[in-house]
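Data first, discussion second: the structure below is written as structure tokens.
The values are calculated or read from the model by the stated rules, or taken from the named source; none is laboratory data. This structure is a prediction, so every number in the text was calculated from the model and none was measured. Cβ atoms come from the backbone with ideal geometry, glycine included; neighbour counts cover every protein chain shown.
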Amino acid sequence: MARSGRFRVHARSVRTLLAAMSFLVLAHVPASATTTTSTAPVNSKETSLERIQRAVAKINAEASTPEGEADVVKRLSAQLAVSPDTLQAQHENWGVGYGEVAMVYGFARASKKPVTPDQVVEMRRSGMDWDVIAKNLGVKVDTVATRMKKNAGPKPTPHK
């Protein structure tokens with residue numbers, strides 16, 4: 001009997017030791033490594049901002065050549081009802097790409113408050129994030145994302 005009593009004490013000690021070791025191991029594992037992947041939908045605001053950034057990048061890439069810049073300015077001028085000269089001046093004065101120019105117009109025009117594109121640029125220069133600007137202006141970021149998709153231009157035709 002003495003032997004089985006010792007075994008129980010020993011087994012209990014081993015379980016306690018294993019539990020303590022498990023705790024120590026898990027305490028040093030980053031939280032991101034212990035979380036499970038969720039199938040919940042992504043926050044729509046983040047998705048919309050990402051869509052806007054893709055459209056901005058697409059417009060800026062297209063405008064990176066003289067011919068592309070002329071096409072972008074012509075298209076944005078027609079879509080935004082702003083003269084090409086004004087767009088080019090804003091591009092230079094604001095120090096941003098044409099994609100950002102389109103984004104600024106998108107936020108200004110979607111605003112529930114009277115705001116000019118220059119005021120949106122000043123908000124951004126003051127350090128505000130786009131989601132904070134959207135909230136301050138009462139803008140639904142998804143609305144701007146949809147408009148930006150239109151500003152990004154036609155999809156290229158695949159070569160055959």
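Before moving on, here are some points about what is shown:
- Any hit, the range 85-95, residues being buried (at least 18 other Cβ atoms within 10 Å of the Cβ) and either at pLDDT below 95 or basic (Lys, Arg) (or both): no
- Among the residues of the range 19-42, none qualifies, meaning not one is in a helix (DSSP H, G or I) and either closer than 19 Å to Asp142 by Cα or modelled with pLDDT of 95 or more (or both).
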